[in-house]
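The values are calculated or read from the model by the stated rules, or taken from the named source; none is laboratory data. This one's a predicted model, so the numbers in the text were calculated from it and none came from an experiment. Note that we place each Cβ from the backbone using ideal geometry, even for glycine, and neighbour counts take in every protein chain shown. For the accessible areas, the whole protein counts, side chains as well, though only heavy atoms, and no ligand, DNA or RNA atoms are used. Shrake-Rupley method; radii C 1.70, N 1.55, O 1.52, S 1.80 Å.
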Amino acid sequence: MMMLKRALALATMCSLCLSIAPTPAAAESTQQEIYQGQLAARDVDAENAYNTDPVLNAWVSNIAANLAQYRARKDINYQFKIIDTNDINAFSLPGGFTYVNFGLLNYVNSDDELAGVLGHEIGHTERRNQVTLQAKAQVLNLILGIASIFNPFVYRFGNLIGGAAIEKMSRVDELEADQYGLLLMSRAGYDPNAMVSFQYRLGKEFGDSTTGIDKYFESHPGSSDRVAHLMGYPALSQTNYDQILTQAIHDEDEGRYAYALTKYDAVLKAQPDNQLALLHKGQVELALGSFDKSATALTQVAHAPSVTEAAARTAAQVMSLLPDRSKTPGDVILHPNITPVRSKLADAISHLKSDQASVADRVKLGKDDIHRLDLRLQNLQYEIPDFSNVDIRPDSRIEGALYDIYHMFKDVNLVFDKSSYLIDQSDGIIRDDAGVLDQMNAPLKGNSIGGDTLTLLPSYGDIDAQMTTSSSELVGGVTAARGAIALAWQAVPAMDQYFRKLDTMGATFGGDLSPRDSQDLKPLALAAFQQLDAAAAAAETAQTMFYAAQARQIQARITLLGLGYPQGRYDTLTHVISRRLGVDPPTYDEALRLDINPGDVAAASWLAAEEKIPVSTVINEQRSTETPFVDMALSKHLSMESMEVILGLMWEGYAEKPNAPVATTNVSNPEPAAPATPAPSASPR
């Protein structure tokens, strides 16, 4: 495989080393910078598949547009694309061409964390980092090293092109881009702590690993170093409690209820009588189902000697949304006959355990398949001619051969990325499926049923069925991934034949392939494409099944949060849905009339956003066909990756546990703030 990787390196260098000449930043105009970026973007486009899902792209575009309002360089129009890879990364080219990997979107847990990453990449362009580091070398490093940090095609040979020196030089630029991104996101109204939390999680989860994520840390300073630098900037080091409270209100409005609660508690620890913090704590505790804690905070506001009329009114409004605790004893079924429920749940658990064993067996075989394919590619023995001294002109025959190589490169990338990611993750996902069923089973072991379980029982049958389908999809996904690897294995001889033929060719006196050589190469390329495209399509099918399985699980988890009761909790979900997707989900009364659970509401809302139709239309279609919402999405060929990410963001808002401490070090204004009039967001939604 090393020889093939060297071939790809040389092919890429042919295109980039000559088309992007290093120009001193001071002498380069914006037009030249944009032209450099356009040339590099053509190669990135040729080597990568893109995720074109409308919801995910709108998410990235909206945050990027908000950040761009505060940029310094108005002569740059930023363009953002989502690369279809599970790698956690993003990068930028000269002239505002910016790329975000799908894996990063799947990793961030808030708009704010994504804003921090996008702000960082905008910072590189604003500071002209790509130009000052000699654009041709920087772009080579990006394409061959950073854009596919896990990819077996590129990971092991980055240093062949002098990448180490580039990476060392770029560390200062990375820290400067962090500083610019922190400033940009703060001005745009995002929580600057999110940049810290992202780096903290990244370092905690991957910092000591021996996986491909190490490549990220070779091209970027370590997370601990970046967190230390970030905490030294005024946006974080000079934080006061008013700012923390403002950030918490922003987090609450975004639907990060569990995260916001941490900040409200930090403020109240120093300022126990802060009425605005108490009001919002009451609302967040309601969202999280901690009704007694909500009532305590709101009562403290209502009985405060200096309570304002507006604060008292808001506290009363939120208190009215809390469940009537006096009715709780009557809402318990003693010695219930739940044998049918237990029986169906037991069947689902039994089915999942069988699938879990099947997944484990297939994962073991799949890892061996990947290893053997990797070894086979390494055993290919050839090199392509070194065209690095040839001016590769647009539309030339050499450029055509280069883009044929890119096509093969893209397909093999897709097979390795999707199949290896799925095989690595499926064991953990099916364990999470088991966790959902265990959560459902735990309250059924007693002699009485009450509280959330009583309201959730009507959804148990649907969740059982969805978890059964989820585990089956994971088995099918791993099987399909192994099929993709097998198809790629079968394509190796066709690739070998192409490169062996190319190895015999050289450039003509005019600096191009001869017409005969080009004519001889093309059928060989097409033969390789046919087989590699089939392998890539199989990998795509495998990933669709994998993310469909996850979407079903997260949909179930949203329902099991108990958001269907009381109305105050349900309204926190509809607020998040409307804010994130721009659609109108059913009201509480409508949901009761439709007998639709919160997970179904979230899934139907995502479908409506994808198709740009009313949520009611989606629900009516589902009722007429009796098809689960995930299956509806599959039948319409909608992006399961998008569904999983968006539902995951909704669920994490309630379940997220902050990994990094809130920036309260060196907090100023220790005196309690004056009694505050509640902001509009303090009113129940």
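What the table shows:
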read-out: Residue within the range 186-203 that is farther than 25 Å from ASP253 by Cβ, in a helix (DSSP H, G or I) and modelled with pLDDT of 50 or more present; value: yes
read-out: So ILE463, is it β-branched (Val, Ile, Thr), open to solvent by less than 50 Å² (accessible area, probe 1.4 Å), at pLDDT below 95 and farther than 23 Å from GLY366 by Cβ; value: no
read-out: Conditions (1) at pLDDT below 95; (2) buried (at least 23 other Cβ atoms within 10 Å of the Cβ); number of the one not met by ALA660; value: (2)
read-out: Qualifying residues in the range 341-356 (those that are open to solvent by less than 80 Å² (accessible area, probe 1.4 Å) and over 34 Å from the mean Cα position of the chain (by Cα)) - the one farthest from ILE463 (Cα to Cα); value: SER343
read-out: Count - residues of the range 574-587 that are in a loop (DSSP other than H, G, I, E, B) and open to solvent by less than 40 Å² (accessible area, probe 1.4 Å); value: 3
read-out: Residues of the range 281-297 satisfying the condition of being free of Cβ contacts under 8 Å to residues at least 24 places away in the same chain and buried (at least 17 other Cβ atoms within 10 Å of the Cβ); value: LYS281, ALA297
read-out: Residue check, SER224 small (Gly, Ala, Ser), modelled with pLDDT under 80, surrounded by 22 or more Cβ atoms within 10 Å (Cβ to Cβ) and over 20 Å from the mean Cα position of the chain (by Cα); value: no
read-out: Restricting the range 501-559 to residues that are of a type in the set (Asp, Glu) and in contact with a helix residue (DSSP H, G or I) (Cβ under 8 Å, 6 or more places away or on another chain), the residue that is least open to solvent (accessible area, probe 1.4 Å); value: ASP512
read-out: Members of the range 460-495 found to be more than 25 Å from the chain's Cα centre (by Cα) and among the hydroxyl-bearing types (Ser, Thr, Tyr), listed by number; value: TYR460, THR468
read-out: Selection within the range 466-482 - under 17 Å from ASP438 (Cβ atoms) and open to solvent by 10 Å² or more (accessible area, probe 1.4 Å); value: GLN466, THR468
read-out: Any pair with Cβ under 6 angstrom, 6 or more apart, that starts in the range 43-69 at a residue that is under 12 Å from PHE80 (Cα atoms) and open to solvent by less than 20 Å² (accessible area, probe 1.4 Å) and ends at one that is outside any helix (DSSP H, G or I) and acidic (Asp, Glu); value: ASN51/ASP84
read-out: Among (1) open to solvent by 50 Å² or more (accessible area, probe 1.4 Å); (2) touching a residue at least 12 places away in the same chain (Cβ under 8 Å) - the single one ILE423 does not satisfy; value: (1)
read-out: Lone unmet requirement of (1) out of contact with any Leu (no Cβ under 7 Å at 6 or more places or on another chain); (2) open to solvent by 10 Å² or more (accessible area, probe 1.4 Å); (3) within 18 Å of PHE629 (Cα to Cα) for ASP571; value: (3)
read-out: Qualifying residue in the range 365-382 (condition: open to solvent by 90 Å² or more (accessible area, probe 1.4 Å), closer than 30 Å to LEU278 by Cα and either in a helix (DSSP H, G or I) or modelled with pLDDT under 90 (or both)); value: no
read-out: Residue check for LYS418: closer than 29 Å to ARG376 by Cα and either open to solvent by less than 20 Å² (accessible area, probe 1.4 Å) or free of Cβ contacts under 8 Å to residues at least 60 places away in the same chain (or both); value: yes
read-out: ALA673, sole failed condition from (1) in contact with a helix residue (DSSP H, G or I) (Cβ under 9 Å, 6 or more places away or on another chain); (2) modelled with pLDDT of 75 or more; value: (2)
read-out: Within the range 174-185, considering residues that are in contact with a Gly (Cβ under 9 Å, 6 or more places away or on another chain) and open to solvent by 20 Å² or more (accessible area, probe 1.4 Å), the one modelled with the lowest pLDDT; value: GLU176
read-out: Residue within the range 434-444 that is over 29 Å from the mean Cα position of the chain (by Cα) and either crowded, with 23+ Cβ neighbours inside 10 Å or of a type in the set (Gly, Ala, Ser) (or both) present; value: yes
read-out: Unique residue being within 30 Å of GLU611 (Cβ to Cβ) and in contact (Cβ under 8 Å) with a residue 24 or more places away in the chain when the list is GLY582, GLY483; value: GLY582
read-out: Hey, ASP391 modelled with pLDDT under 95 and open to solvent by 40 Å² or more (accessible area, probe 1.4 Å) or not; value: yes
read-out: Residue among GLU590, GLU641, GLU610, GLU540 that alone is charged (D, E, K, R) and either farther than 30 Å from ASP411 by Cα or not in a helix (DSSP H, G or I) (or both); value: GLU590
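Conditions (1) in contact with a strand residue (DSSP E or B) (Cβ under 8 Å, 6 or more places away or on another chain); (2) open to solvent by less than 10 Å² (accessible area, probe 1.4 Å); (3) free of Cβ contacts under 8 Å to residues at least 12 places away in the same chain; (4) of a type outside the set (S, T, N, Q), marked per residue:
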{"residue": "ARG71", "(1), (2), (3), (4)": "no, no, no, yes"}
{"residue": "ASP87", "(1), (2), (3), (4)": "yes, yes, no, yes"}
{"residue": "THR98", "(1), (2), (3), (4)": "yes, yes, no, no"}
{"residue": "SER110", "(1), (2), (3), (4)": "no, yes, no, no"}
{"residue": "GLU126", "(1), (2), (3), (4)": "no, no, no, yes"}
